[in-house]
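**Q** Okay, handing you the structure first.
Here, each number is a calculation from the coordinates, and none is a lab measurement. Quick caveat, the model's predicted, so the values are computed rather than measured. We place every Cβ from the backbone using ideal geometry, glycine too, and count neighbours over all the protein chains shown.
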Amino acid sequence: MNPSDAHAEIIATFKRAEADADHKFGLIKAAAQKGPKAIQAATDAAAKAAKRRDSYAKKLDALGLHLKD
């Protein structure tokens with residue numbers, strides 16, 4: 001695998017993680033009507049997704065690729 005393939009793969013993974021994090025944060029609003037346990041579960045899932053997204057962003061930054069403003 002050449003470096004551009006590796007970069008493309010990690011960029012795609014980052015974009016999926018970013019979309020997943022956005023989706024999970026959206027679920028918090030939906031869970032608000034279901035009660036405090038649902039809100040907590042949605043918040044925990046969103047935090048994990050954001051952490052995963054940030055991890056990939058850090059890897060991209062180490063490679064010198066900056067996708068976010």
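**Q** Dipole magnitude of the chain about its Cα centre, charges +1 at Lys/Arg Cβ and -1 at Asp/Glu Cβ only, in debye to the nearest 20?
**A** 380
**Q** For the chain, what's the relative contact order in percent, using C-alpha pairs closer than 8 Å and at least 6 residues apart?
**A** It rounds to 38 percent for the chain.
**Q** Here's a follow-up. Equivalent-ellipsoid semi-axes (√(5λ), Cα gyration tensor) for the chain, whole Å, largest first?
**A** Here the semi-axes work out to 31, 9, 9 Å.
**Q** If one takes the longest principal axis of the Cα atoms in the chain, at what angle in degrees, from 0 to 90 and to the nearest 10, does the Cα axis of helix 36-62 lie?
**A** On a 0 to 90 degree scale, this one is about 10.
**Q** Per-residue ellipticity at 222 nm for the chain, helices alone: DSSP H runs ≥ 4 residues times -39500 (n - 2.57), over residue total, nearest 500 deg cm²/dmol?
**A** Computed ellipticity for the chain at 222 nm equals -29000 deg cm²/dmol.
**Q** Sticking with this one: Helix 3-31 versus the longest principal axis of the chain: what angle, 0 to 90°, nearest 10, using Cα atoms?
**A** 10
**Q** For the charge dipole of the chain, defined by +1 on Lys and Arg C-beta atoms and -1 on Asp and Glu C-beta atoms about the Cα centroid, which residue among GLY35, LEU60, ILE10 has the Cα displaced farthest towards the positive pole?
**A** GLY35
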